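Peer 1: This is the structure I have questions about; it appears just below.
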């Protein structure tokens with residue numbers, strides 16, 4: 001563990017995060033939802049989307065009046081299996097949770113449900129909403145646009161968000177299959193990780209405006225901000241290793257997020273006015289849920305049992321590493337680095353949440 | 001153009017391909033459907049899925065009794081938005097076309113439709129079915145499993161098919177957005193292309209059983225057949241360039257293709273008993289179709305107008321290159337290489353289709 005990093009238990013972190021959201025002006029029920037999504041990221045080891053974002057992405061933006069702590073969710077249009085909702089730039093996590101609830105409700109009745117959302121804000125980990133469906137015996141799909149960072153194939157300009165395209169399926173194992181990933185190779189948070197460790201980035205993850213690949217993480221972070229560097233799509237630079245496919249999937253997510261609700265897209269996106277989409281498909285409309293779970297589990301077990309590459313310890317399936325991390329963190333708590341420690345203390349003091357004490361002070 | 005390659009016009013090729021399918025025992029209407037799908041691949045320049053497959057994949061398999069020329073399609077289960085169909089190993093293209101028709105019908109009524117198919121055979125280009133929906137103002141999604149060729153991350157064993165995950169959207173342009181791609185970096189057909197040209201494969205597309213990357217296309221083709229080499233998932237080898245994402249999407253397609261219909265999967269797949277899935281989503285359930293088309297067109301035009309990488313001529317969007325190729329081939333015909341020429345002559349002679357003459361004989 002890096003210098004200064006301290007583990008904090010969920011029994012301490014959970015009520016604190018809840019109180020911060022309440023202190024920001026969220027109704028109790030909404031504060032619970034936001035704390036759920038945020039802490040699930042910490043539990044699973046998705047540290048780029050956990051408490052480290054509480055201050056910069058949620059607390060600061062609400063304080064600055066960019067997004068509203070009270071979420072008004074309007075129905076723009078509704079059909080038997082579909083809906084368009086307007087989140088009025090409330091809390092993205094509340095908007096997303098209610099949207100997936102509506103998808104599930106519709107899918108339970110008619111087999112499928114889909115909701116497109118306009119005017120939303122950062123909703124945390126997309127996989128949370130896909131897994132909401134999987135936990136209830138449905139297939140869950142979720143995605144969102146985001147501020148521009150991916151360059152199209154043969155371009156150097158950040159145009160598309162990291163645009164996750166996520167799927168979750170029920171299985172007969174302890175955890176659902178859950179693919180929650182950006183359509184870029186890496187995300188900004190990963191570059192920050194290399195910067196903190198003082199390590200060079202591998203080549204081929206980032207493209208600079210001169211067409212070269214950036215490997216100095218401090219320079220890359222600066223250039224990503226100024227638009228002088230962009231993330232490469234899954235598949236990498238040019239066409240040789242099929243980067244046009246990752247670029248294609250990022251575009252699919254941009255279209256699904258914006259076009260169904262006539263919303264903002266590409267360069268017009270900057271933290272608010274986001275578009276999302278959610279899909280739920282009821283497995284029991286096709287087959288017995290237990291059969292689906294069993295077939296899916298068999299596929300996953302077969303994949304893990306494949307012949308390993310020389311030197312490889314283990315073959316994983318999507319969601320497995322996060323599940324293993326969650327088992328460890330449930331017991332040991334979340335590692336919190338020094339800069340996040342200071343943010344937590346600052347919010348605590350500003351909101352006067354005097355009953356909360358941290359192990360790092 | 002390579003030695004011996006001859007252009008053949010669609011006005012000549014179309015009735016010939018139709019007659020071959022009829023000669024194989026397909027009903028007239030089904031022969032039309034199969035010819036449509038096959039020749040669309042040739043028209044778009046997707047030469048790995050066109051007439052070059054007529055003999056090895058369709059003619060030979062029907063002759064060998066592996067799949068039936070007469071397609072019996074049974075409804076296993078049906079709900080308001082969903083269905084499971086059994087193709088009884090008839091013609092994959094007929095099964096797929098009818099499945100997407102059913103999705104569109106359901107989506108036109110209730111907003112969404114999804115069909116899972118069991119016991120099907122090779123259905124040609126997945127994008128054809130997604131575009132069926134897009135041409136009628138719906139979002140189309142299609143996918144299929146296939147015989148094992150992709151190795152999971154940290155494995156060297158071919159486990160997953162090239163498992164395409166395709167999306168098509170209506171736009172206000174001359175052609176729909178259409179992302180029709182395998183979840184591997186390349187397909188076997190691409191390796192064959194390198195072998196024909198006598199060129200080395202770029203590193204990082206294929207993994208051999210010793211964990212190294214294969215670059216000699218003749219060796220790779222042999223090793224892919226014996227299972228001593230496997231295709232790498234989109235994103236490449238290991239985790240550094242996020243190959244686990246391509247592996248994850250290939251798994252998503254395997255699960256969607258098999259688990260909803262309790263069908264065969266992974267190593268059990270070999271040309272027949274394939275599983276497919278099709279989804280149609282009616283745009284007009286969310287917004288005016290023209291608004292959707294316009295937003296989508298604006299997204300695509302913005303992407304093409306992005307800052308180009310030094311030395312790059314053009315930024316494309318998914319489906320654009322295929323559209324440009326189709327404009328050229330409509331006029332100039334399809335380039336047919338010598339081995340395919342011989343196959344066409346052989347089928348013509350075996351079926352006694354004496355009225356057909358080719359420019360290469």
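Peer 1: Would you check which residues across segment A:158-167 are part of a loop (DSSP other than H, G, I, E, B) and either within 7 Å of another protein chain (Cβ to nearest Cβ) or farther than 27 Å from residue A:208 by Cα (or both) and list them?
Peer 2: As a first pass, look at segment A:158-167 and keep what is part of a loop (DSSP other than H, G, I, E, B): A:158-159, A:161-164.
A:159, the sole residue that qualifies.
Peer 1: Hey, residue B:236 hits all of (1) over 20 Å from residue B:163 (Cβ atoms); (2) in a loop (DSSP other than H, G, I, E, B) but one; which does it fall short on?
Peer 2: Here residue B:236 clears every test but (1).
Peer 1: In the set A:151, A:168, which member is surrounded by 22 or more Cβ atoms within 10 Å (Cβ to Cβ), modelled with pLDDT of 95 or more and closer than 26 Å to residue B:301 by Cβ? Step through it out loud before you land on a result.
Peer 2: Details: A:168 fails: closer than 26 Å to residue B:301 by Cβ.
Only one candidate qualifies: A:151.
Peer 1: For segment A:265-274, name all the residues that are facing another protein chain (nearest Cβ under 10 Å) and in contact with a strand residue (DSSP E or B) (Cβ under 8 Å, 6 or more places away or on another chain). Don't jump to the end; show me each part of the working.
Peer 2: Quick first cut of segment A:265-274, residues facing another protein chain (nearest Cβ under 10 Å) only: A:265-268.
Selection gives A:265, A:266.
Peer 1: Counting only residues that are away from chain B (no Cβ under 12 Å) and closer than 30 Å to residue A:288 by Cα, how many does segment A:135-157 have?
Peer 2: So in segment A:135-157, the residues away from chain B (no Cβ under 12 Å) come out as A:135-137, A:142, A:144, A:146-147, A:149.
Still in the running and closer than 30 Å to residue A:288 by Cα: A:135-137, A:142.
Number satisfying all stated conditions: 4.
Peer 1: What's the number of the only condition in (1) outside the structural domain of residue A:272 (by TED's automatic domain parsing); (2) surrounded by fewer than 24 Cβ atoms within 10 Å (Cβ to Cβ); (3) in contact with a helix residue (DSSP H, G or I) (Cβ under 6 Å, 6 or more places away or on another chain) that residue A:175 fails to meet?
Peer 2: Going through (1) outside the structural domain of residue A:272 (by TED's automatic domain parsing); (2) surrounded by fewer than 24 Cβ atoms within 10 Å (Cβ to Cβ); (3) in contact with a helix residue (DSSP H, G or I) (Cβ under 6 Å, 6 or more places away or on another chain) one by one, residue A:175 breaks only (1).
Peer 1: Within segment A:168-180, can you find the residues that are touching a strand residue (DSSP E or B) at 6+ places or on another chain (Cβ under 6 Å) and part of a loop (DSSP other than H, G, I, E, B)? Before the answer, list the steps.
Peer 2: Initial filter on segment A:168-180 (touching a strand residue (DSSP E or B) at 6+ places or on another chain (Cβ under 6 Å)): A:168-169, A:171, A:176-180.
Once the filter is applied, which keeps residues that are touching a strand residue (DSSP E or B) at 6+ places or on another chain (Cβ under 6 Å) and part of a loop (DSSP other than H, G, I, E, B), segment A:168-180 yields A:171, A:176, A:180.
Peer 1: What single numbered condition from (1) within 14 Å of chain A (Cβ to nearest Cβ); (2) touching a strand residue (DSSP E or B) at 6+ places or on another chain (Cβ under 7 Å); (3) surrounded by fewer than 15 Cβ atoms within 10 Å (Cβ to Cβ) fails to hold for residue B:332?
Peer 2: Result: residue B:332 fails condition (1) only.
Peer 1: Go through segment B:266-276 and give me each residue that's surrounded by fewer than 24 Cβ atoms within 10 Å (Cβ to Cβ) and within 26 Å of residue A:178 (Cβ to Cβ). So that I can check it myself, show each step before the final result.
Peer 2: Restricting attention to segment B:266-276, the residues satisfying the condition of being surrounded by fewer than 24 Cβ atoms within 10 Å (Cβ to Cβ) are B:266-273.
Matches in segment B:266-276: B:266, B:267, B:268, B:269.
Peer 1: I'm told residue B:261 meets every condition in (1) within 8 Å of another protein chain (Cβ to nearest Cβ); (2) over 30 Å from residue B:211 (Cα atoms); (3) in contact with a helix residue (DSSP H, G or I) (Cβ under 7 Å, 6 or more places away or on another chain) except one. Can you identify the failing condition by its number?
Peer 2: (3)
Peer 1: Follow-up question, since we're still on this one. Enumerate the helices (runs of 4 or more DSSP H) found wholly within segment B:258-361, keeping only those where 2 or more residues are in contact (Cβ under 8 Å) with a residue 60 or more places away in the chain and within 24 Å of residue B:193 (Cβ to Cβ).
Peer 2: Values: elements: B:289-304, B:320-332, B:338-351.
Because the criterion is at least 2 residues that are in contact (Cβ under 8 Å) with a residue 60 or more places away in the chain and within 24 Å of residue B:193 (Cβ to Cβ), the helices (runs of 4 or more DSSP H) in segment B:258-361 that meet it are B:320-332, B:338-351.
Peer 1: Further question on the same structure: Answer yes or no: is there a residue in segment B:224-232 that is at the interface with chain A (Cβ under 7 Å from one of its Cβ atoms) and outside any loop (DSSP other than H, G, I, E, B). Explain how you work it out, then say what you get.
Peer 2: First, pick out the residues of segment B:224-232 that are at the interface with chain A (Cβ under 7 Å from one of its Cβ atoms): none.
Checked against the condition, which is being at the interface with chain A (Cβ under 7 Å from one of its Cβ atoms) and outside any loop (DSSP other than H, G, I, E, B), segment B:224-232 yields no hits at all.
Peer 1: Looking at the structure I just gave you, is residue B:246 in a helix (DSSP H, G or I), within 24 Å of residue A:246 (Cβ to Cβ) and either more than 23 Å from the chain's Cα centre (by Cα) or facing another protein chain (nearest Cβ under 10 Å) (or both)?
Peer 2: Numbers: in a helix (DSSP H, G or I): yes; within 24 Å of residue A:246 (Cβ to Cβ): yes; either more than 23 Å from the chain's Cα centre (by Cα) or facing another protein chain (nearest Cβ under 10 Å) (or both): yes.
Here the answer is yes, as residue B:246 does meet what is asked.
Peer 1: Further question on the same structure: So, in segment A:181-211, of the ones that are more than 9 Å from chain B (Cβ to nearest Cβ) and in a loop (DSSP other than H, G, I, E, B), which residue ends up nearest to the chain's Cα centre (by Cα)? Before you say what the answer is, go through the steps one by one.
Peer 2: The first filter runs over segment A:181-211 and keeps only residues more than 9 Å from chain B (Cβ to nearest Cβ), leaving A:187-201, A:203, A:206, A:208.
In the following step, the residues that additionally are in a loop (DSSP other than H, G, I, E, B) were identified as A:187, A:198-201, A:203.
On the way: A:187: 11, A:198: 25, A:199: 25, A:200: 25, A:201: 22, A:203: 25 Å.
In this case the residue turns out to be A:187.
Peer 1: Could I ask something else about it? Residue by residue through segment A:144-153, note down the ones that are closer than 12 Å to residue A:247 by Cα and touching a strand residue (DSSP E or B) at 6+ places or on another chain (Cβ under 6 Å). Working first, answer last.
Peer 2: Here is the first cut: in segment A:144-153, the residues closer than 12 Å to residue A:247 by Cα are A:149-153.
Those that are closer than 12 Å to residue A:247 by Cα and touching a strand residue (DSSP E or B) at 6+ places or on another chain (Cβ under 6 Å): A:149, A:150, A:151.
Peer 1: Can you pull out every residue in segment A:49-63 that is surrounded by 17 or more Cβ atoms within 10 Å (Cβ to Cβ) and part of a helix (DSSP H, G or I)?
Peer 2: First pass over segment A:49-63, keeping only residues surrounded by 17 or more Cβ atoms within 10 Å (Cβ to Cβ): A:49-55, A:57-59, A:61-62.
If the condition is that a residue be surrounded by 17 or more Cβ atoms within 10 Å (Cβ to Cβ) and part of a helix (DSSP H, G or I), then A:49, A:51, A:52, A:53, A:54, A:55, A:57, A:58, A:59, A:61, A:62 are the ones that fit.
Peer 1: Counting just the residues of segment A:110-130 that are within 14 Å of chain B (Cβ to nearest Cβ) and not in a strand (DSSP E or B), which one comes out surrounded by the fewest Cβ atoms within 10 Å (Cβ to Cβ)? Full working, then the answer.
Peer 2: Filtering segment A:110-130 for residues within 14 Å of chain B (Cβ to nearest Cβ) gives A:110-118, A:126-127, A:130.
So of that shortlist, the ones also not in a strand (DSSP E or B) come out as A:110-111, A:126-127, A:130.
Values: A:110: 20, A:111: 27, A:126: 28, A:127: 29, A:130: 32.
Once the filter is applied, the top-ranked residue is A:110.
Peer 1: Restricting attention to segment A:121-143, does a residue exist that is without any contact (Cβ under 8 Å) to a residue 40 or more places away in the chain and in contact with a strand residue (DSSP E or B) (Cβ under 7 Å, 6 or more places away or on another chain)? Break it down into steps so the answer makes sense when it comes.
Peer 2: Restricting attention to segment A:121-143, the residues satisfying the condition of being without any contact (Cβ under 8 Å) to a residue 40 or more places away in the chain are A:132, A:136.
From the residues that got through so far, the ones that are in contact with a strand residue (DSSP E or B) (Cβ under 7 Å, 6 or more places away or on another chain) too are A:132.
Within segment A:121-143 (the criterion being without any contact (Cβ under 8 Å) to a residue 40 or more places away in the chain and in contact with a strand residue (DSSP E or B) (Cβ under 7 Å, 6 or more places away or on another chain)), the answer is yes, since at least one residue qualifies.
To keep it simple, each residue is scored yes or no on (1) more than 30 Å from residue A:112 (Cα to Cα); (2) facing chain A (nearest Cβ under 10 Å); (3) surrounded by fewer than 19 Cβ atoms within 10 Å (Cβ to Cβ).
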| residue | (1), (2), (3) |
| --- | --- |
| B:278 | no, no, no |
| B:284 | no, yes, yes |
| B:289 | no, no, yes |
| B:312 | yes, yes, yes |
| B:316 | yes, yes, no |
| B:323 | yes, no, yes |
| B:326 | yes, no, yes |
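Peer 1: Can I ask one more? Scan (1) away from every other protein chain (no Cβ under 12 Å); (2) within 26 Å of residue B:239 (Cβ to Cβ); (3) under 16 Å from the mean Cα position of the chain (by Cα) for the single condition residue A:95 breaks and write down its number.
Peer 2: (2)
Peer 1: So, in segment A:64-101, how many residues would count as being assigned to a helix (DSSP H, G or I) and either touching a residue at least 60 places away in the same chain (Cβ under 8 Å) or not assigned by TED's automatic domain parsing to the domain that holds residue A:270 (or both)? Spell out how you get there, then give the answer.
Peer 2: Start the filter on segment A:64-101 by keeping residues that are assigned to a helix (DSSP H, G or I), which leaves A:92-101.
If we keep only those that are either touching a residue at least 60 places away in the same chain (Cβ under 8 Å) or not assigned by TED's automatic domain parsing to the domain that holds residue A:270 (or both) as well, we get A:92-97, A:99-100.
So the count comes out to 8.
Peer 1: Hey, does segment A:186-195 have a residue that's surrounded by fewer than 24 Cβ atoms within 10 Å (Cβ to Cβ) and modelled with pLDDT of 95 or more? Can you show your working first?
Peer 2: First pass over segment A:186-195, keeping only residues surrounded by fewer than 24 Cβ atoms within 10 Å (Cβ to Cβ): A:186-195.
After this cut, where a residue has to be modelled with pLDDT of 95 or more as well, the list is A:186.
The answer is yes, given that some residue of segment A:186-195 is surrounded by fewer than 24 Cβ atoms within 10 Å (Cβ to Cβ) and modelled with pLDDT of 95 or more.
Peer 1: Out of the residues in segment A:291-301 meeting the condition of being crowded, with 18+ Cβ neighbours inside 10 Å and within 7 Å of chain B (Cβ to nearest Cβ), tell me which one is nearest to the chain's Cα centre (by Cα).
Peer 2: Among residues in segment A:291-301 that are crowded, with 18+ Cβ neighbours inside 10 Å and within 7 Å of chain B (Cβ to nearest Cβ), the one nearest to the chain's Cα centre (by Cα) is A:296.
The values are calculated or read from the model by the stated rules, or taken from the named source; none is laboratory data. This is a predicted model, so every value here is computed, not measured. Virtual Cβ from ideal backbone geometry, glycine too; neighbours counted across all protein chains shown.
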